Amino acid sequence: MFFQKNKMFIIPAVDIKDGKCVQLVQGRPGTEMVKIDNPEKIAKNWEEYGAKTLHLVDLDGAINNKPNLIAIKKVLDEVSIPIQLGGGIRDIDYAKNLLDLGVERIILGTMGIKHPETIGILSKEYGNERIMISLDSKDDKVLIKGWSENINRTSYGIAKEFEGLGSGSILFTNVDVEGLLSGVSLEPLIKLKKSVDIPIVYSGGVTSIDDLKKLKETKVEGVVIGSALYKNKIDFKEALKIQ
């Protein structure tokens, strides 16, 4: 799936940890509010419900530096819709391996920010549509290393650089509201949207259909929804009507 003008894709999140589909509160281990067996079956369910793409997060790779390639391959084998994948991508060889396996878009976080030359290398070989940079923002500053390090720059201040380096899209996560089911905060997203021309996918705090309507007004190209779907705060079929 490549982004389409005037369309906001609703993208279900499938976060994998210890072989299960989980949802954490603000990414903290031990805060699982959802824990379901067989992530590949969950992924297939979202496809059958009408999802056009999936947001897959390898928390084993992100938190424990032990990428769960087995679980990733199971999801890839189970579904036919495109997958964007983040978590544990710490070197260029592993990034290439994921792209060669059939991951549609890889999401580069710390590696992309600390080693921006990798963005250009990967986008040149695979196309910039398949390379997404992750900008996670808390208190208006970008975080890296699993949200543990503040680089003292804003997402909208740094985003243009990554667009120039070859990133084809941005995943913007508002850490201030991520996983809290408290609603969205639009100001940082609006500033980011004005700073770049490439597509942006938003994540963080999406709790209601009204949140989706507000996000639609920003002309953001995609929205990742996790906890609100698994906790039945949002009906997925109703959400699809907002696209």
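The values are calculated or read from the model by the stated rules, or taken from the named source; none is laboratory data. Keep in mind it's a predicted model, so treat the numbers as computed, not measured. Positions of Cβ are backbone-derived with ideal geometry, glycine not excepted, and every protein chain shown enters the neighbour counts.
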Inset, instruction - Please indicate, with yes or no, whether at least one residue in segment 152-173 is buried (at least 18 other Cβ atoms within 10 Å of the Cβ), within 28 Å of Y94 (Cα to Cα), acidic (D, E) and at pLDDT 90 or above. - result: yes
Legend entry - Subset of segment 83-118 that is under 17 Å from the mean Cα position of the chain (by Cα) and in a helix (DSSP H, G or I) - its residue that is modelled with the lowest pLDDT: T110
